[in-house]
Structures are given as C-alpha cells and as structure tokens.
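The values are calculated or read from the model by the stated rules, or taken from the named source; none is laboratory data. Treat the numbers as computed from the prediction; the structure is a model and nothing was measured. Note that each Cβ is placed from the backbone with ideal geometry, even for glycine, and that neighbours are counted across all protein chains shown.
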Amino acid sequence: MTRKYNWDDGEIPTIDVHSTKKHDVLREYLQQYIFIVGGKPFQRKSLVLNLIDGFAGGGLYKYNGGIHYGSPLIFLKATEEAAFKLSTLKPFALYANYFFVEKEKLFLEFLKKTLQTKDIRQDLIKTYFYCMGYLRKRLIGF
C-alpha cells in the first residue's frame, strides 16, 4: 500500500492545504485549552497533560516553498508557547507527556531526528514516548 506522505528516503513530503488547516485548528485548540484550564477561572499553578499523536509521521512537511510543522511539532510548540505566555501572567508550570505513535519505523526515526534538531525548550518537556505500531494496538491491545 502506498502512503500519501512518505519520509522513507529522508525527503520531506509536501502537505495538502486541507491538512495545514487541520494543523491550525490543533494549534489553536491546544493553546486555548492551556489558557483556559491553566488560567481563570481555575487559577491552577500547574497543569499535567498527556498528549497522544496516533499518526505522528515524520513531523515535517514542505508547503508553499517552506517547511510546515506536522502534529508532533505543533504539540510541542503550541504547548510551549501557551505555557510561556501563561507563566508571564502568574506562576505556572506545564508538565507534559508526549506520546508519538507511528507504525512505520523509518518515519519514526525521521521524527526522532527532527525533534533533536528543532528549537524546543527542554525545561517544558518532561517526557517523550515513541511507540512503533498501530494506535489501536498500543492503546487497547488488539
């Protein structure tokens, strides 16, 4: 079976415009969630998040002559930015666990390399989990 997006050869695939819009929604949702749950009316000083990307892919795409972040990097950047903004308003700490599930070994290896080279604040990231396999099998065992 041919996959629409492929990182097998180390090349970055081109993303479709509808997927970039999906990523915009994901980014905005994560940031708003952290602002709302971490801020008023809850007034939490910290927040623990477990984020699961069941179809992680390689994390990068080509788009409009540049690079577009995939959902793993959106998870990381959006939570980082939201936690930083909230911490400028009040004492706040984000403790996040990121689960990246990908059935293709080469895609997962590409993602690992990508995450090592991107500017991500290590003080905000508590744990990465990389899982090779199918999401359904990883979550419910079949």
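Annotations
- Of all residues making up the range 62-91, the number that are within 28 Å of ASP8 (Cα to Cα) and touching a helix residue (DSSP H, G or I) at 6+ places or on another chain (Cβ under 8 Å): 12
- Filtering the range 92-123 to residues that are surrounded by fewer than 18 Cβ atoms within 10 Å (Cβ to Cβ) and touching a Ser or Thr at 6+ places or on another chain (Cβ under 9 Å) leaves ALA93, TYR95, ASN97.
- Scanning the range 92-109 for residues being part of a strand (DSSP E or B) and either among the aromatic types (Phe, Trp, Tyr) or in contact with a helix residue (DSSP H, G or I) (Cβ under 9 Å, 6 or more places away or on another chain) (or both) gives a total of 9.
- Count of the range 16-39 residues which are in a helix (DSSP H, G or I) and either under 20 Å from TYR95 (Cα atoms) or of a type in the set (Gly, Ala, Ser) (or both): 14
- Against the test of being surrounded by 15 or more Cβ atoms within 10 Å (Cβ to Cβ), of a type in the set (Ser, Thr, Tyr) and at pLDDT below 90, the options TYR33, TYR5 yield a single qualifying residue, TYR5.
- Scanning the range 78-112 for residues that are of a type in the set (D, E, K, R) and closer than 12 Å to ILE34 by Cβ turns up GLU80, GLU81, LYS85.
- Qualifying residues in the range 40-72 (those that are assigned to a strand (DSSP E or B) and of a type in the set (Phe, Trp, Tyr)) - the one surrounded by the fewest Cβ atoms within 10 Å (Cβ to Cβ): TYR63
- In summary, LEU94 fulfils each of the numbered conditions (1) within 16 Å of ASP8 (Cα to Cα); (2) in contact with an Asp or Glu (Cβ under 9 Å, 6 or more places away or on another chain); (3) not aromatic (Phe, Trp, Tyr) with the single exception of condition (1).
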